[in-house]
């Protein structure tokens with residue numbers, strides 16, 4: 001009757017002790033007890049079953065390049081951009097593919113099966129685009145990889161930026177990117193937003209822009225992005241990433257801006273790890289946190305998802321492909337420590353991100369694709385606290401990664417091993 005039954009799983013809805021039946025790569029049943037034949041069983045032993053994690057904002061062409069050609073001594077965004085500008089002309093397609101594939105293997109082990117990566121299109125040779133298109137094909141059996149044509153040096157600022165971005169789209173990159181705050185002037189930034197939204201409308205594509213990744217409260221390209229979204233009928237298909245200038249804007253202006261963003265159905269993608277690391281660099285004290293207004297945007301009904309952005313690259317020397325680490329930082333920086341707050345943050349790395357990415361049949365309901373992860377935790381709140389082991393990762397109902405339980409983790413009541421050791425634990429075996 002089923003290809004696989006996951007027994008005694010706790011669900012992200014808070015329901016406990018459910019069986020989940022999987023057939024033909026999809027969730028076929030969710031019941032307290034499922035009877036009938038099955039090809040395989042996994043006993044979740046009261047642990048959390050979640051849809052696989054999504055990362056709606058990443059830079060896979062730069063990942064794992066830390067130290068090439070040198071380290072980012074200042075730790076700033078601008079030195080990171082300069083470093084990438086030094087590396088990009090000498091990097092080979094083979095190196096780009098190798099680093100990306102190594103990262104994807106790590107991602108799968110962390111239950112991260114959906115990634116949207118920005119691909120730098122500033123160099124007209126487009127070695128980065130060729131490499132990431134190859135990676136997308138190679139990882140398709142286990143990771144859904146979306147690619148954004150991203151003019152890192154500026155759509156207008158780069159000498160052949162306009163040509164290169166359009167050529168990258170012709171090659172098969174499917175999302176239009178931009179970085180208006182990095183153009184030479186505010187007006188050129190505004191013009192780039194208009195031009196890029198027009199391209200997306202003409203080609204029937206989505207938009208995902210690095211927008212206002214700065215501490216400057218006068219960097220207000222998100223207002224233009226929202227207005228152009230409405231103008232070109234792109235509602236729901238546009239994402240504004242970072243939006244860190246909003247942490248410095250005055251409240252009166254934001255009271256006008258957020259309703260405009262809601263009208264345009266903008267998807268918002270803060271990146272807590274990199275934002276807290278790079279922003280506020282010109283401040284002494286008081287020092288700004290660097291994250292956009294997560295709580296206020298959520299309360300206004302906007303779809304907010306959290307991205308990882310970087311892992312061991314010119315901008316960020318840390319990272320582990322762990323979206324729970326991203327969410328953990330998001331809780332702290334956004335000061336969303338309440339129970340319901342944490343549930344919203346968990347949604348920001350699962351269902352909200354799936355919406356941002358336009359994923360179909362994603363979730364933990366009958367009929368959804370069986371792209372799932374079993375975590376060594378009781379529930380969503382405990383998962384965010386512990387960042388626990390991903391015991392099983394399933395793609396299309398097939399186990400693609402399995403990791404033994406960590407004996408050292410403590411359950412919520414502080415007792416070691418009550419749920420964390422598992423029924424097969426033998427005392428002293430560690």
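May I ask you to verify whether residue 365 is assigned to a loop (DSSP other than H, G, I, E, B) and free of Cβ contacts under 8 Å to residues at least 40 places away in the same chain? It is false that residue 365 is assigned to a loop (DSSP other than H, G, I, E, B) and free of Cβ contacts under 8 Å to residues at least 40 places away in the same chain.
Residue-by-condition table, conditions (1) surrounded by fewer than 22 Cβ atoms within 10 Å (Cβ to Cβ); (2) farther than 16 Å from residue 323 by Cβ; (3) modelled with pLDDT of 95 or more:
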site	(1), (2), (3)
354	no, no, yes
358	yes, yes, yes
367	yes, yes, yes
372	no, no, yes
375	no, no, yes
378	yes, yes, yes
381	yes, no, yes
386	yes, no, yes
389	yes, no, yes
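Only residues that are surrounded by fewer than 24 Cβ atoms within 10 Å (Cβ to Cβ) and over 24 Å from the mean Cα position of the chain (by Cα) were counted across region 172-195, and they come to 9. Just checking, does region 266-281 include any residue being more than 28 Å from residue 53 (Cβ to Cβ) and touching a helix residue (DSSP H, G or I) at 6+ places or on another chain (Cβ under 6 Å)? Scanning region 266-281, I find no residue that is more than 28 Å from residue 53 (Cβ to Cβ) and touching a helix residue (DSSP H, G or I) at 6+ places or on another chain (Cβ under 6 Å), so the answer is no. Restricting 62, 9, 100, 29 to residues that are under 30 Å from residue 339 (Cα atoms), in contact with a strand residue (DSSP E or B) (Cβ under 9 Å, 6 or more places away or on another chain), buried (at least 23 other Cβ atoms within 10 Å of the Cβ) and in contact (Cβ under 8 Å) with a residue 12 or more places away in the chain narrows the list to 9.
The values are calculated or read from the model by the stated rules, or taken from the named source; none is laboratory data. Everything numeric here is computed off the predicted structure, so don't read it as measured data. Note that we place each Cβ from the backbone using ideal geometry, even for glycine, and neighbour counts take in every protein chain shown.
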